[in-house]
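These notes concern the structure reproduced below.
The values are calculated or read from the model by the stated rules, or taken from the named source; none is laboratory data. Bear in mind that the values here come from a model prediction, so they are computed numbers and not experimental data. For neighbour counting, all protein chains shown are included, and Cβ atoms are generated from backbone atoms with ideal geometry for every residue, glycine included.
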Amino acid sequence: MPIATVNPATGETLRTFDPLGAEEIERRLALARTAFEQHRTTDFATRSRLLNRAADLLDADEDRIARVMTTEMGKPIAAARAEAAKCARAMRWYARHAAELLADEHPSAADVQDSGAARVTVRYRPLGVVLAVMPWNFPLWQVVRFAAPALMAGNTGLLKHASNVPGTALYLEDLFRRAGYPEGCFQTLLVGSAAVEGILRDRRVAAATLTGSEPAGRSVAAVAGDEVKHTVLELGGSDPFLVMPSADLDGAAATAVTARVQNNGQSCIAAKRFIVHTDVHDAFCERFTAGMRALVLGDPLDESVQVGPLATEKGRTDLEELVDDALRHGARALCGGGRPTPTTGSAAGGGSGTHGDAHTTLDKGWYYEPTVLTEVDERMRIHREEAFGPVATVYRVPDLPAAIALANDSPFGLSSNVWTRDEDEMALCARDIEAGGVFFNGMTASHPALPFGGVKRSGYGRELSAHGIREFCNITTLWYGPGH
């Protein structure tokens, strides 16, 4: 895949980049290791000052970097600004809390005595150079939620970003440089996927983190396993959204719309499978479909637009194939189901649309209508595969046990949403849903204070919170014998 900025709203290639050669990759690997030897010995006050400075610069750059993200991968401009602001908040959170999260730990006196020591300390020490292989869908946030804790722990970072967001990748390197980090603390590697294995196998790289597709995760995990290097993987999901009879249907339906189409439907933690009790199925579908149909689809730089294009032409083709397969096998589209046309307008199913020459833009860009599918079953690919775009599948179930069984009938287990006012139902879901998160009466979201990650084919390890910052630490036992 070429390294280029291609505007998904128009299909126009705006800028191309030459990948780094072997000599430059070697130079940057050496620089990362040298920077680590310096950065690992800095105190938390110094690291905090640097990260807070980066947050301040990011706040000042919010409009500029938001436009870069929108132009590179198509997210609505308001969502792009919100992503930048979220990144700055996360930086400040880690700058404020890292010292306490990584403070030395001291076992109880009884346990110390039982071990035969005079004293014992558990210390969190940085691992070294960490390679981050990151996706395009949240091109700033995915990187910052790795970089902020990793840098605060004393590591250095190498970023191999998705090849369609080079402008964002280069901005991140420049951001940390301007904040005052020593040269080599955080570097962007403009390389293709084929170069990742060699970089990961390099002895100077201590660990890796990847957010992306399952095949990419398998590849990185296989190489890291062969090299016996630590990894954290977040490989996507097909999150269930359960709605029970006691739920606030208006709130559930409104949240369902946002949960499905956030980031143009291209989010790992977006709700994708809507599992609804039969008693409220029809009423929920009516509200949900009306909300999806009313969404404004169009140029993501237009402030009024709620859903922009998919990030890549292949992404739209893959989504079309999933939906077409479902329709051929008996699924029914309550709205959407294809590319927007002049007859449907530029809002899903014929809503108000965008301003200006909307149809020309929609014809050129990689747009897909917000879609609701019902009567989906196991014969259909979409029942098993992640739909990475604004397409929702709705299932009817007779009771909560059936809803939980269907929620778990997926190779993924990233997060989940449950709408019910019944405390017993909440307890059952908290016990039995196979996912890294269960969000009750609200929308799954990531926050720096909360651990984030999944189970099954959604990956392993955790980002964010104390768990995330400790993933890339050498958790060291310091044992002192009698006489100390």
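Can you name every residue in the stretch 177-193 that is part of a helix (DSSP H, G or I) and closer than 16 Å to THR34 by Cβ? Let's see the steps before the verdict.
We begin by selecting, within the stretch 177-193, every residue part of a helix (DSSP H, G or I); these are 177-178, 193.
Listed by number, the list holds a single entry, ARG177.
Answer yes if at least one residue in the stretch 428-438 is closer than 20 Å to SER213 by Cα, buried (at least 22 other Cβ atoms within 10 Å of the Cβ) and not assigned by TED's automatic domain parsing to the domain that holds PHE138, and no otherwise. Full working, then the answer.
Here is the first cut: in the stretch 428-438, the ones closer than 20 Å to SER213 by Cα are 434-437.
If we keep only those that are buried (at least 22 other Cβ atoms within 10 Å of the Cβ) too, we end up with 435-436.
Then drop every residue that is not not assigned by TED's automatic domain parsing to the domain that holds PHE138, which leaves 435-436.
Yes, because at least one residue in the stretch 428-438 is closer than 20 Å to SER213 by Cα, buried (at least 22 other Cβ atoms within 10 Å of the Cβ) and not assigned by TED's automatic domain parsing to the domain that holds PHE138.
Hey, could you check the stretch 224-283 for residues that are among the acidic types (Asp, Glu) and either at pLDDT below 95 or part of a strand (DSSP E or B) (or both) and say which is farthest from the chain's Cα centre (by Cα)? Steps first, please.
Let us first name the residues in the stretch 224-283 that are among the acidic types (Asp, Glu), namely 226-227, 234, 239, 248, 250, 279, 282.
When the remaining residues are screened for being either at pLDDT below 95 or part of a strand (DSSP E or B) (or both), the result is 234, 239.
Values: GLU234: 8, ASP239: 13 Å.
So the residue we want is ASP239.
With the condition being farther than 30 Å from PRO482 by Cα and in contact with a Phe, Trp or Tyr (Cβ under 8 Å, 6 or more places away or on another chain), I'd like the helices (runs of 4 or more DSSP H) fully within the stretch 33-122 carrying at least 1 qualifying residues. Steps first, please.
Details: elements: 44-60, 62-73, 77-101, 109-114.
Correct list: 44-60, 62-73, 77-101.
Only one of VAL112, VAL120, VAL144 is at pLDDT 95 or above and under 24 Å from the mean Cα position of the chain (by Cα). Can you tell me which?
Details: VAL112 fails: under 24 Å from the mean Cα position of the chain (by Cα); VAL120 fails: under 24 Å from the mean Cα position of the chain (by Cα).
Only one candidate qualifies: VAL144.
Looking at ALA466, ALA407 in this structure, which one is in the same structural domain as ALA207 (by TED's automatic domain parsing) and touching a residue at least 24 places away in the same chain (Cβ under 8 Å)? Reasoning before the result, please.
Numbers: ALA407 fails: in the same structural domain as ALA207 (by TED's automatic domain parsing).
Just a single option satisfies the conditions, and that option is ALA466.
Could you tell me which residue of the stretch 148-176 is nearest to the chain's Cα centre (by Cα), considering only residues that are of a type in the set (D, E, K, R) and part of a helix (DSSP H, G or I)?
To start, the set of residues in the stretch 148-176 that are of a type in the set (D, E, K, R) comprises 160, 173-174.
Subsequent filtering for residues that are part of a helix (DSSP H, G or I) retains 173-174.
On the way: GLU173: 20, ASP174: 22 Å.
The residue in question is GLU173.
Could you check, for the stretch 100-109, whether at least one of its residues is under 29 Å from ARG28 (Cβ atoms) and in contact with a Pro (Cβ under 6 Å, 6 or more places away or on another chain)?
Taking every residue of the stretch 100-109 in turn, none turns out to be under 29 Å from ARG28 (Cβ atoms) and in contact with a Pro (Cβ under 6 Å, 6 or more places away or on another chain).
When the residues of the stretch 129-188 are filtered to those that are hydroxyl-bearing (Ser, Thr, Tyr) and under 25 Å from ALA221 (Cα atoms), which remaining residue is surrounded by the most Cβ atoms within 10 Å (Cβ to Cβ)? Lay out the reasoning, then the answer.
Of the stretch 129-188, the ones hydroxyl-bearing (Ser, Thr, Tyr) are 156, 163, 168, 171, 181, 188.
Right, trim to under 25 Å from ALA221 (Cα atoms) and you get 156, 163, 188.
Numbers: THR156: 30, SER163: 20, THR188: 23.
Here the residue is THR156.
Checking ILE275 against (1) out of contact with any Leu (no Cβ under 7 Å at 6 or more places or on another chain); (2) closer than 27 Å to SER416 by Cβ, only one condition comes out false. Which one?
For ILE275, the exception is condition (1).
Restricting to the stretch 358-411, count the residues that are of a type outside the set (Val, Ile, Thr) and either outside any helix (DSSP H, G or I) or in contact with a helix residue (DSSP H, G or I) (Cβ under 6 Å, 6 or more places away or on another chain) (or both).
As a first pass, look at the stretch 358-411 and keep what is of a type outside the set (Val, Ile, Thr): 358-359, 362-370, 373, 375, 377-381, 383-390, 392, 395-396, 398-403, 405-411.
If we keep only those that are either outside any helix (DSSP H, G or I) or in contact with a helix residue (DSSP H, G or I) (Cβ under 6 Å, 6 or more places away or on another chain) (or both) as well, we get 365-370, 373, 375, 377-381, 384-390, 392, 395-396, 398-400, 409-411.
Total satisfying the criteria: 29.
Take ASP18 and tell me if it is over 20 Å from the mean Cα position of the chain (by Cα), under 30 Å from SER304 (Cβ atoms) and at pLDDT 95 or above.
No.
Mind telling me which of the residues GLY459, GLY454 ends up being within 29 Å of PHE284 (Cα to Cα), crowded, with 22+ Cβ neighbours inside 10 Å and either touching a residue at least 24 places away in the same chain (Cβ under 8 Å) or touching a Phe, Trp or Tyr at 6+ places or on another chain (Cβ under 7 Å) (or both)? Explain how you work it out, then say what you get.
On the way: GLY459 fails: within 29 Å of PHE284 (Cα to Cα).
After applying the criteria, what remains is GLY454.
What residue, of ALA88, ALA78, ALA66, is free of Cβ contacts under 8 Å to residues at least 24 places away in the same chain and within 27 Å of ASN137 (Cβ to Cβ)? Steps first, please.
Details: ALA88 fails: free of Cβ contacts under 8 Å to residues at least 24 places away in the same chain; ALA78 fails: free of Cβ contacts under 8 Å to residues at least 24 places away in the same chain.
Residue meeting the stated conditions: ALA66.
From the list ALA82, ALA54, exactly one residue is hydrophobic (A, V, I, L, M, F, W, C), more than 30 Å from ALA194 (Cα to Cα) and surrounded by fewer than 16 Cβ atoms within 10 Å (Cβ to Cβ). Which is it?
After ruling out the rest, the residue left standing is ALA82.
Of the residues GLU26, GLU72, GLU37, GLU105, which single one is among the charged types (D, E, K, R), surrounded by fewer than 20 Cβ atoms within 10 Å (Cβ to Cβ) and in contact (Cβ under 8 Å) with a residue 12 or more places away in the chain?
Values: GLU26 fails: in contact (Cβ under 8 Å) with a residue 12 or more places away in the chain; GLU72 fails: surrounded by fewer than 20 Cβ atoms within 10 Å (Cβ to Cβ); GLU37 fails: in contact (Cβ under 8 Å) with a residue 12 or more places away in the chain.
The match here is GLU105.
Regarding the stretch 454-463, can at least one residue be identified that is of a type outside the set (D, E, K, R), out of contact with any Gly (no Cβ under 7 Å at 6 or more places or on another chain) and part of a loop (DSSP other than H, G, I, E, B)?
Among the residues of the stretch 454-463, not one is of a type outside the set (D, E, K, R), out of contact with any Gly (no Cβ under 7 Å at 6 or more places or on another chain) and part of a loop (DSSP other than H, G, I, E, B), which makes the answer no.
THR476: over 20 Å from the mean Cα position of the chain (by Cα) and surrounded by fewer than 20 Cβ atoms within 10 Å (Cβ to Cβ), yes or no?
Details: over 20 Å from the mean Cα position of the chain (by Cα): yes; surrounded by fewer than 20 Cβ atoms within 10 Å (Cβ to Cβ): yes.
Here the answer is yes, as THR476 does meet what is asked.
Do we find a residue being within 30 Å of CYS335 (Cβ to Cβ) and out of contact with any strand residue (DSSP E or B) (no Cβ under 7 Å at 6 or more places or on another chain) anywhere in the stretch 441-453?
Residues of the stretch 441-453 within 30 Å of CYS335 (Cβ to Cβ): 441-446.
Those left that are additionally out of contact with any strand residue (DSSP E or B) (no Cβ under 7 Å at 6 or more places or on another chain): 442, 445.
The answer is yes, given that some residue of the stretch 441-453 is within 30 Å of CYS335 (Cβ to Cβ) and out of contact with any strand residue (DSSP E or B) (no Cβ under 7 Å at 6 or more places or on another chain).
Quick one: which residue in ALA294, ALA270, ALA283 is in contact (Cβ under 8 Å) with a residue 12 or more places away in the chain, crowded, with 20+ Cβ neighbours inside 10 Å and among the hydrophobic types (A, V, I, L, M, F, W, C)?
Details: ALA294 fails: crowded, with 20+ Cβ neighbours inside 10 Å; ALA283 fails: crowded, with 20+ Cβ neighbours inside 10 Å.
Only one candidate passes the filter, namely ALA270.
Among the residues of the stretch 411-427, count how many are more than 19 Å from the chain's Cα centre (by Cα) and either touching a residue at least 60 places away in the same chain (Cβ under 8 Å) or buried (at least 22 other Cβ atoms within 10 Å of the Cβ) (or both).
To start, the set of residues in the stretch 411-427 that are more than 19 Å from the chain's Cα centre (by Cα) comprises 418-427.
Now narrow it down to the ones that are either touching a residue at least 60 places away in the same chain (Cβ under 8 Å) or buried (at least 22 other Cβ atoms within 10 Å of the Cβ) (or both): 418-422, 425.
Residues meeting the conditions: 6.
Checking the condition out of contact with any strand residue (DSSP E or B) (no Cβ under 7 Å at 6 or more places or on another chain), at pLDDT 95 or above, over 30 Å from GLU425 (Cβ atoms) and part of a helix (DSSP H, G or I), which residue from ARG316, ARG339 passes? Quick ask: steps written out before the conclusion?
On the way: ARG339 fails: part of a helix (DSSP H, G or I).
None of the other options fit; the residue is ARG316.
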